[in-house]
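Worksheet: the structure to be examined is printed underneath.
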Amino acid sequence: MTLPKGPDTTLRQASLDPTDWSELRAQGHRMLDDMFDYLQQIRARPVWQPIPAELRARFREPLPRATTDLAAAHAIFMRDILPFAVGNAHPGFFGWVHGGGTAVGMLAEMLAAGLNANLGGRDQIPIAVEQQLVQWVRELFGFPDSASGLFVTGTSLANFIGVLVARTAALGVEVRQAGVAASAKRLTAYASAAAHGCVAQAMDLAGFGRDSLRIIATNHRHEIDLAALERAILSDRAAGQTPFLVVGTAGSVDIGAIDPLAALADLAQRHRLWLHIDGAYGALGMLSPAIARRLAGIQRADSIAFDFHKWGQVPYDAGFILVRDGALHRATFAAPAAYLRRDARGMAAGSAWPCDYGPDLSRGFRALKTWFTLKVYGAERLANMIEHTCALAQYLQQRVEASEALELMAPVALNVVCFRYRSADADRVNAEIAADVQCSGISAPSTTFIGGRLALRAAIVNHRTRASDIDDLIQATLRFGRARAAQHGETP
Ligand SMILES: *Cc1c(COP(=O)(O)O)cnc(C)c1O
């Protein structure tokens, strides 16, 4: 009897591996060297540059049917992609809150991609690495061993998970089946006016609606007004609502303000509310003993959301959610499924898989680049880096205060400085300055509104930033400010 021929004899090039590994190896080393060059020489590049229309058009081609040489594709990357990124790896990047990344993180991403591990579950050491990170995070925030943690894309998703676990705490696991509408309780949550927009979005996604989030006024330091918060809770309760959640901010997106976390924890305890902290970038200040003192109270939270990709410098993306009550966290997401059955032995062994703690089933190995970052640099060196960005913010504040042409717009709590060029038409002039500075390639501040007035905003997050980069930002602001003011007929 002859066996039928296998399909291998008829299909050429089914595998996507190269036929010539030595050629791929040489090309791969060139790609690696190009990225080392990029990081080593980044200071000499513009932070950002406007994108020519014809370049944009190159990324509107039809689906490629045939093959392209890897070297040719890489050449396109070097010419058309690499120079036109947003520039957050650059020491002159001060926009929004973006981490700078590191070469170590980049290399770890390569290792993770080569391994191509799927961290949804199953019995594998990559999950032990993620659990190691969970343990380190518990230690950092003084959480018990029963606390759970999970890598997610970013704090937007981590805040959403925090709201969902708080929802389980308030309505029981039945809410997963019946939905929020089935409950007679009308739940309300609280956050300050300085809270990030994704908190309201989380309320929306969780089925409560944005109106269920009460926006509480802030004090002159942009911290939540505790008296106003308490009044809102009492008035909602009197009106038959059920307050269930308060979201505190550790490092507000606008100015880096830290809500009074210990007082917030007291208040949450008194009113039996779930305390969730959005510590997107600020929470990692816990690495520094000096900043940790200012975050006191965070260790009493029920859940904390933060990013390793901001102050932690881990390459995008690496968000994290930490929940004190690990069992409740699991009860919020775990669901039986035949194809995800657990066994005592073999690859399906080990209970409590990461997919039991969040909405993702397939998940990348974000833990590896984070493990490498903490392992290679160590907590102390990362703390020094974080403290240095705060020292640079103090320096920028001093430079602003020393200039008659500039005005400080908000207190500097951590590493964010809001300021502007003085002008009769300041909103317009400063919007122009922001765009002028960005287009010059010298620096990249962003803008925000402080008390209805437009401000230039410099968030110093990048570990590569030095005092000379702050000087460049000041100089460029003054230069473009003078030019714009003159253009509008103002005399200096
Ligand atoms: C950046 C930020 C977020 C959103 O985090 P992502 O990682 O971008 O999803 C939420 N809150 C604050 C305070 C932030 O700074």
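The values are calculated or read from the model by the stated rules, or taken from the named source; none is laboratory data. Owing to the predicted nature of the structure, the values given are computational and were not obtained by experimental measurement. So basically every Cβ, Gly included, is an ideal-geometry build from the backbone, and we count neighbours across all protein chains shown.
Of everything in region 444-492, what is touching a Pro at 6+ places or on another chain (Cβ under 7 Å) and of a type in the set (K, R)? Give them in sequence order.
Matches in region 444-492: R457, R464, R466, R482.
If the Cβ limit is 9 Å and pairs must be 6+ apart or interchain, which residue in region 220-242 that is under 16 Å from R270 (Cβ atoms) and surrounded by 12 or more Cβ atoms within 10 Å (Cβ to Cβ) pairs with which residue that is at pLDDT below 95 and small (G, A, S)?
If the second residue must be at pLDDT below 95 and small (G, A, S), the pairs left are T242/S183.
Name the single residue that is nearest to D472 (Cα to Cα) among those in region 420-450 being among the small types (G, A, S) and assigned to a helix (DSSP H, G or I).
Ranking the qualifying residues of region 420-450, first place goes to S440.
Does region 316-328 contain any residue that is within 12 Å of the ligand (Cβ to nearest atom), buried (at least 23 other Cβ atoms within 10 Å of the Cβ) and of a type in the set (A, V, I, L, M)?
yes
Results for (1) at pLDDT 95 or above; (2) among the small types (G, A, S); (3) under 20 Å from L478 (Cβ atoms); (4) not in a helix (DSSP H, G or I), shown as yes or no for each residue.
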| position | (1), (2), (3), (4) |
| --- | --- |
| L374 | yes, no, no, no |
| Y377 | yes, no, no, no |
| R381 | yes, no, no, no |
| M385 | yes, no, no, no |
| A391 | yes, yes, no, no |
| Y395 | yes, no, yes, no |
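For region 276-293, name all the residues that are within 16 Å of the ligand (Cβ to nearest atom) and either without any contact (Cβ under 8 Å) to a residue 40 or more places away in the chain or closer than 22 Å to C198 by Cβ (or both).
Of everything in region 276-293, those that are within 16 Å of the ligand (Cβ to nearest atom) and either without any contact (Cβ under 8 Å) to a residue 40 or more places away in the chain or closer than 22 Å to C198 by Cβ (or both) turn out to be H276, I277, D278, G279, A280, Y281, G282, A283, L284, G285, M286.
Among the residues of region 294-311, which ones are within 11 Å of the ligand (Cβ to nearest atom) and either part of a loop (DSSP other than H, G, I, E, B) or of a type in the set (D, E, K, R) (or both)?
D307, F308, H309, K310, W311
Got at least one residue in region 191-204 being touching a helix residue (DSSP H, G or I) at 6+ places or on another chain (Cβ under 9 Å) and away from the ligand (no atom under 16 Å from the Cβ)?
Within region 191-204 (the criterion being touching a helix residue (DSSP H, G or I) at 6+ places or on another chain (Cβ under 9 Å) and away from the ligand (no atom under 16 Å from the Cβ)), the answer is no, since none of the residues qualifies.
Within region 336-379, can you find the residues that are loosely packed, with under 15 Cβ neighbours inside 10 Å and free of Cβ contacts under 8 Å to residues at least 24 places away in the same chain?
Of everything in region 336-379, those that are loosely packed, with under 15 Cβ neighbours inside 10 Å and free of Cβ contacts under 8 Å to residues at least 24 places away in the same chain turn out to be P336, A337, A338, Y339, R341, D343, A344, R345, S351, K375, G378.
Can we say Q124 is under 30 Å from A250 (Cα atoms) and of a type in the set (S, T, N, Q)?
no
How many residues are under 24 Å from M409 (Cβ atoms) and over 17 Å from the mean Cα position of the chain (by Cα) when one looks only at region 364-388?
Number of matching residues: 2.
Table: residues versus (1) touching a helix residue (DSSP H, G or I) at 6+ places or on another chain (Cβ under 7 Å); (2) closer than 30 Å to A262 by Cα; (3) not aromatic (F, W, Y).
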position	(1), (2), (3)
A89	yes, no, yes
V97	no, yes, yes
M110	no, no, yes
D123	no, no, yes
V137	no, yes, yes
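Within the set of pairs 6 or more residues apart or between chains, which connect a residue that is among the basic types (K, R) inside region 437-456 to a residue that is surrounded by fewer than 16 Cβ atoms within 10 Å (Cβ to Cβ) with Cβ atoms less than 9 Å apart?
R453/D427
List every residue pair whose Cβ atoms sit under 7 Å apart, with the two residues 6 or more apart in sequence or on different chains, where the first one lies in region 312-327 and is at pLDDT 95 or above and the second, anywhere, is within 11 Å of the ligand (Cβ to nearest atom) and of a type in the set (S, T, Y).
D317/T153; G319/T153; G319/T155
Kindly check whether there is at least one residue in region 242-249 that is among the aliphatic types (A, V, I, L, M), more than 20 Å from V165 (Cα to Cα) and within 16 Å of the ligand (Cβ to nearest atom).
Checked region 242-249: no residue is among the aliphatic types (A, V, I, L, M), more than 20 Å from V165 (Cα to Cα) and within 16 Å of the ligand (Cβ to nearest atom).
Please go through region 128-169 and pick out each residue that is more than 16 Å from the ligand (Cβ to nearest atom), under 13 Å from H329 (Cα atoms) and either at pLDDT below 95 or in a helix (DSSP H, G or I) (or both).
Hits for region 128-169 are V165, A166, R167, T168, A169.
What residue, among those in region 451-492 that are more than 26 Å from T102 (Cα to Cα) and in a loop (DSSP other than H, G, I, E, B), is modelled with the highest pLDDT?
G452
With respect to A434, is the statement that it is closer than 20 Å to H98 by Cβ, modelled with pLDDT of 95 or more, in contact with a Cys (Cβ under 9 Å, 6 or more places away or on another chain) and crowded, with 16+ Cβ neighbours inside 10 Å true?
It is false that A434 is closer than 20 Å to H98 by Cβ, modelled with pLDDT of 95 or more, in contact with a Cys (Cβ under 9 Å, 6 or more places away or on another chain) and crowded, with 16+ Cβ neighbours inside 10 Å.
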